[in-house]
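**Student:** The structure that follows is given in the form of structure tokens.
The values are calculated or read from the model by the stated rules, or taken from the named source; none is laboratory data. All figures in this text were calculated on a predicted structure; none of them were measured in a lab. Here the Cβ is made from the backbone with ideal geometry for all residues, glycine too, and neighbour counts use every protein chain on show. Surface areas here come from the heavy atoms of the whole protein model, side chains and all, with no ligands, DNA or RNA. Shrake-Rupley method; radii C 1.70, N 1.55, O 1.52, S 1.80 Å.
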Amino acid sequence: MQLHSPKQLAVLLLGLCLGNALQAAPSAEPWAFWEPRSETSGAAVDHSLWQAILSKVVINQADGSTAVRYSAFDATGKAQLQQYVQQLTAMDPRTLARAEQMAYWINLYNALTVQVVLDHPGKNSILRMGGGWLPRGPWDNPIASIAGQSLTLNDIEHRILRPFWQDHRIHFAVNCASIGCPNLAAMAYTSDNLENMISSAEISFLNHPRALQFIEQRLVLSSIFDWYM
């Protein structure tokens, strides 16, 4: 099944809404502190370090998906990732224009997720990378401090990106480090390529069997649709 247009996507989503009851998921509740404010700023974030990392570790596979070669992270690569995360967390993204902020948050989310996996080399699932005796993933663990605020991955996705941008394609741009997740893009998001990349991420995921496929004449959908649609 090939999906290429907003109309085709709308038909798919209508079918989903008529399907099973939705599974509980984090709600998009805005964190007022992070509301985008600056539209006149000409400042641009340098994502070249993140691009250098992606170029080294992201593999484009024949079926259209990507994989991360974590074994390619040597001491230098891990130091570069730490440097990039520190570079972004030392900034106050509220001073950036809206598109620049969105690219900032997507790249930061993805970089932090990669860092989580590297910090848990003995775990074979991100669901086992949280805190406590029975971890359920790292998404609610404090992971970064920006402008004096402690943030989790869920804060970035559900209290900043989703409520302030209200763009369903965000789900296809942020990566959860699992085979069933949308691709980790091989390119860093920037304000210039944001629209093209986020649209491409959506189409790439929807055209892959891990998003939707027919099995024995039944349409099987990714849990992403259950959580957010």
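**Student:** If you take the residues in region 184-196 that are touching a Ser or Thr at 6+ places or on another chain (Cβ under 9 Å) and open to solvent by less than 30 Å² (accessible area, probe 1.4 Å), which one is farthest from I170 (Cα to Cα)?
**Tutor:** So in region 184-196, the residues touching a Ser or Thr at 6+ places or on another chain (Cβ under 9 Å) come out as 184-188.
Next, only the ones that are open to solvent by less than 30 Å² (accessible area, probe 1.4 Å) stay: 184-185, 188.
Numbers: L184: 12, A185: 13, A188: 14 Å.
Checked region 184-196; the qualifying residue farthest from I170 (Cα to Cα) is A188.
**Student:** Only one of (1) under 23 Å from V68 (Cβ atoms); (2) touching a residue at least 40 places away in the same chain (Cβ under 8 Å) is not met by A147, so which one is it?
**Tutor:** The number of the failed condition is (1).
**Student:** Considering only region 150-165, state which residues are out of contact with any Phe, Trp or Tyr (no Cβ under 6 Å at 6 or more places or on another chain), in contact (Cβ under 8 Å) with a residue 40 or more places away in the chain and of a type outside the set (D, E, K, R). Spell out how you get there, then give the answer.
**Tutor:** Of the residues in region 150-165, the ones out of contact with any Phe, Trp or Tyr (no Cβ under 6 Å at 6 or more places or on another chain) are 150-152, 155, 157-158, 162-165.
Still in the list and also in contact (Cβ under 8 Å) with a residue 40 or more places away in the chain: 155, 157-158, 162-165.
Across region 150-165, the qualifying residues are H158, P163, F164, W165.
**Student:** OK, next. Out of curiosity, is S125 closer than 27 Å to S204 by Cβ and exposed (fewer than 14 other Cβ atoms within 10 Å of the Cβ)? Show your work before the answer.
**Tutor:** On the way: closer than 27 Å to S204 by Cβ: yes; exposed (fewer than 14 other Cβ atoms within 10 Å of the Cβ): yes.
Considered against the rule, which asks whether it is closer than 27 Å to S204 by Cβ and exposed (fewer than 14 other Cβ atoms within 10 Å of the Cβ), S125 comes out as yes.
**Student:** Of the conditions (1) surrounded by fewer than 17 Cβ atoms within 10 Å (Cβ to Cβ); (2) in contact with a helix residue (DSSP H, G or I) (Cβ under 7 Å, 6 or more places away or on another chain); (3) not hydroxyl-bearing (S, T, Y), A99 fails just one. Which one is it?
**Tutor:** Only one criterion is unmet by A99, namely (1).
**Student:** Could you give me the residue pairs with C-beta distances under 7 Å whose first residue belongs to region 190-207 and is in contact (Cβ under 8 Å) with a residue 12 or more places away in the chain, whose second residue is basic (K, R) and surrounded by 14 or more Cβ atoms within 10 Å (Cβ to Cβ) wherever it lies, and which are 6+ apart or on separate chains?
**Tutor:** Filtered contacts from region 190-207: I198/R169; S199/R169; A201/R169; E202/R169.
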